[in-house]
Amino acid sequence: MRIAVIGGGAWGTALAQVAARGGQPVTLWAREPEVVEGVNVNHENRAFLAGVALSPTIRATGDLADLAGHDALLVVAPAQHVRAVLGAAPVGSTPLVLCAKGIETGSRLLVGEVAQQVAPAAPIAVLSGPTFAHEVAAGKPTAVTLACEDEDLRNRLAERIVDPAFRVYGSADVIGAEIGGAVKNVLAIACGVVEGAGLGLNARAALIARGFAEMTRFGLARGGQAETLTGLSGLGDLVLTCSSTNSRNFSLGVGLGQGRSAAALLADRKTVAEGAHTAPVLREAARAASVDMPVVEAVNALLEGVPVRQIVEALLSRPLREEAQ
Ligand SMILES: NC(=O)c1ccc[n+]([C@@H]2O[C@H](COP(=O)([O-])OP(=O)(O)OC[C@H]3O[C@@H](n4cnc5c(N)ncnc54)[C@H](O)[C@@H]3O)[C@@H](O)[C@H]2O)c1
Ligand SMILES: O=P(O)(O)OC[C@H](O)CO
């Protein structure tokens, strides 16, 4: 199976490295000419994954036309750019493995739904889970969910995008896998705020648990399955992203918790903190579906500049309720 990766950020590069293990050829499309040159000449992506020696069988290109003739395309552009990049790529009926985590602003569509609009003939799979790119590229043990309704395609993809340290669990629940990845980024910002404001570990654990309840309510309302939400792409990724400053979303939250403004924190950053883009559209989608998501509401208020203390008071003074509600 000839694999190409669309997106030369940290995650696209790490996935290219997984797909290239054992000396298999992989094409990596990157937007930045310096990334293309660095991968081809020095076998390193200094801009987004510095310090990792990449397989020489990864060939980078800046020309989307070079993606033609592959058997599967891994789509790893940030969620807000998937529509434009896929729209310009020669997709046809080539299977797409969606690896971005987010909801498109405006349309309120998950990345897989965007792909279905842009490339209606292409079968869809979603790869998601607790995966810091640097750890995957370094060959540290990692497990992911690969969701695809077509069992035969799912198995063929799982056999190809694998190595001894990268373990793939199959699922047919594409929507559930996507919702976990999109929602956890927003919740990780909240956990970072707790860290930045020094609110303590009890508060962080409470946020993870209550945030997971929100993820579950939203996921079930959108047709996802409970087993997927408690799995790697849901709870697994939530726990990872809510526990480490290696997460860009968590780190953004730390800055907010320290009293810095979202505008200052997001200005000029080269790497993506998907939760900042997903938060407003997730709030819209939750309100439209009458799903109660107070932590997501709180993250939006924080991004809009409401002080942390006011947000915490509002969350703690909500009417008492049963935990299972
Ligand atoms: N980094 C990780 O550990 C990791 C792990 C799993 C999933 N993801 C997801 O993968 C996706 C990509 O994240 P990343 O970490 O690889 O990116 P990154 O933060 O390392 O790099 C930013 C990427 O955005 C691209 N970009 C910027 N402006 C663009 C535009 N106008 N059009 C198209 N592309 C543009 C850049 O070319 C670059 O590839 C995100 O949805 C992220 O949530 C990341
Ligand atoms: O750095 P983050 O917050 O984008 O998280 C990266 C991955 O999604 C973790 O699974």
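The values are calculated or read from the model by the stated rules, or taken from the named source; none is laboratory data. Because the structure is predicted, anything quoted here is derived from the model rather than measured. Cβ atoms come from the backbone with ideal geometry, glycine included; neighbour counts cover every protein chain shown. Surface areas here come from the heavy atoms of the whole protein model, side chains and all, with no ligands, DNA or RNA. Shrake-Rupley method; radii C 1.70, N 1.55, O 1.52, S 1.80 Å.
Using only alpha carbons, the stretch 8-149 has a radius of gyration to Kirkwood radius ratio (Rg to Rh) of 0.94.
Label positions at LYS140 and ALA68, each projected 7 Å from the Cα along the C-beta direction, are separated by 4.1 nm. Summarising the label geometry, the points placed 7 Å from Cα in the beta-carbon direction at THR245 and SER261 lie 2.4 nm from one another.
When restricted to Cα atoms, the stretch 223-311 yields an Rg and a Dmax of 14.0, 39 Å, respectively.
Averaged over residues, the count of other Cβ atoms within 10 Å places the peptides 121-131, 44-54, 68-78, 312-322 in the sequence 121-131, 68-78, 44-54, 312-322, highest first. Once the 1.4 Å probe is applied to the protein heavy atoms, the chain comes out at 43 Å² accessible per residue. Fully extending the segment from ALA314 to ARG156, taken as 0.36 nm per residue of separation minus the present Cα-Cα distance, adds 52.0 nm.
Here is the short version for the chain: CYS99, CYS148 have no other Cys C-beta closer than 4.7 Å.
Note on the chain: with neighbouring protein chains present and a 1.4 Å probe, carbon and sulfur make up 53 percent of its accessible heavy-atom surface. Residues whose amide H comes within less than 5 Å of that of VAL52, counting only those at least five positions distant or on another chain, are ASN45 (H built at 1.01 Å from N in the peptide plane). The slack between GLN325 and THR57, meaning 0.36 nm per residue of separation minus the straight C-alpha distance, is 91.3 nm. Note on ARG222 and ARG46: the model spin-label points, each 7 Å out from Cα along the C-beta direction, lie 3.9 nm apart. Given C-alpha coordinates of the stretch 178-223, what is the ratio Rg to Rh with the Kirkwood estimate of Rh? Rounded to two decimals, Rg/Rh equals 1.04.
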